[in-house]
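Here's the structure we're looking at; comments come further down.
The values are calculated or read from the model by the stated rules, or taken from the named source; none is laboratory data. No experiment lies behind these values; they were computed from the predicted model shown. Cβ sites come from the backbone with ideal geometry, for glycine too, and all protein chains shown count toward neighbours.
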Amino acid sequence: MYYEPGKTAHGLRYDPFKSCVVPRPIGWISTRSAAGIDNLAPYSQFQNLGFNPPMVMFSANQTERGLRKDSVVNAEATGEFVWNMATYELREAVNKSSEQVPPEVDEFAYAGLSKLPSRLVKPPRVAGSPVQFECAYVQTVRLPGNGPMGTIDVVFGRVLAIHIDDDALTPEGRLDITRLQPLARMGYYDYTAVREVFTMRPEGSRARAAGLEGSPDKVAAALAQGHGLVDNSKD
Ligand SMILES: Cc1cc2nc3c(=O)[nH]c(=O)nc-3n(C[C@H](O)[C@H](O)[C@H](O)COP(=O)(O)O)c2cc1C
């Protein structure tokens, strides 16, 4: 099949677009409003962007009434947000926190969640979530779209601090992903959880491998030792 979004019909019962880019990690974003109310919402249009420094983004379309989402308004107003890892265990709270409630409502309480204080920023972390990033707001890129919901605010942030539960790590010091079971969004109303992992390592320089790991220290060390210039796996 072939269709041109906005021009020709896909002819399917359900729109396939969001189901093509799967699974999407969930940016479970906590913010605090200028008035001091804590807010929490999931954003599956979320990603990490780079590792030195670590950067993340989430993308919010407007509401059906053409309003900007509270997470965007708060991040811009206060210059801070927190990313919390959503897990299979926390799935019901993730779902609950996606309800569009007025900005006066504390969405931690609404979703039945406890708060953990952050160290560098004011928005709290989700207790029970095994990993959180404290982030400084960097900028919003606003992309105009169609109708009240089409316009999106893509919010970029720099990761200032990372919390990882000691329990979330294996004895070798890796995140124990299949135990944590991070939640991810599929299309329609579907989700998946990461329960299977396999490993592949491409040929290439040590610096490139360090880049794949996302380690600024190892990249710097490899480059300092001249391991970034020769393109073979043995350097
Ligand atoms: C799993 C999940 C992922 C979501 N991802 C997005 C997203 O990427 N962008 C978006 O605008 N809304 C997304 N939503 C809807 C928002 O969570 C919802 O509009 C929420 O009320 C926004 O809250 P806020 O106004 O407090 O920021 C998602 C909902 C769920 C359940």
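Laid out as a table, the results:
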quantity: Subset of region 94-110 [more than 11 Å from the ligand (Cβ to nearest atom) and not in a loop (DSSP other than H, G, I, E, B)]; calculated: PHE108, ALA109
quantity: Number of the exception - GLU89 against (1) surrounded by fewer than 17 Cβ atoms within 10 Å (Cβ to Cβ); (2) touching a residue at least 60 places away in the same chain (Cβ under 8 Å); (3) touching a Ser or Thr at 6+ places or on another chain (Cβ under 7 Å); calculated: (3)
quantity: Residue in region 77-89 that is assigned to a helix (DSSP H, G or I), on the phi < 0 side of the Ramachandran plot and in contact with a strand residue (DSSP E or B) (Cβ under 8 Å, 6 or more places away or on another chain) present; calculated: yes
quantity: Positions within region 37-49 being under 8 Å from the mean Cα position of the chain (by Cα) and either within 8 Å of the ligand (Cβ to nearest atom) or at pLDDT below 95 (or both), in sequence order; calculated: TYR43, SER44, GLN45, PHE46
quantity: Top-ranked residue of region 50-76 - restricted to ones that are more than 15 Å from the chain's Cα centre (by Cα), outside any loop (DSSP other than H, G, I, E, B) and within 21 Å of ALA161 (Cα to Cα), ranked as nearest to the ligand (Cβ to nearest atom); calculated: ASN74
quantity: Residue under evaluation VAL22, criteria (1) within 9 Å of the ligand (Cβ to nearest atom); (2) within 28 Å of GLY214 (Cβ to Cβ), criterion not met; calculated: (1)
quantity: Region 145-167: number of residues that are assigned to a loop (DSSP other than H, G, I, E, B) and touching a Gly at 6+ places or on another chain (Cβ under 8 Å); calculated: 2
quantity: Boolean, LEU180 is surrounded by 14 or more Cβ atoms within 10 Å (Cβ to Cβ), at pLDDT 95 or above and either not β-branched (Val, Ile, Thr) or not assigned by TED's automatic domain parsing to the domain that holds ASN84 (or both); calculated: yes
quantity: Candidates ALA210, ALA224, ALA220 - the one that is hydrophobic (A, V, I, L, M, F, W, C), loosely packed, with under 11 Cβ neighbours inside 10 Å and farther than 25 Å from VAL126 by Cβ; calculated: ALA224
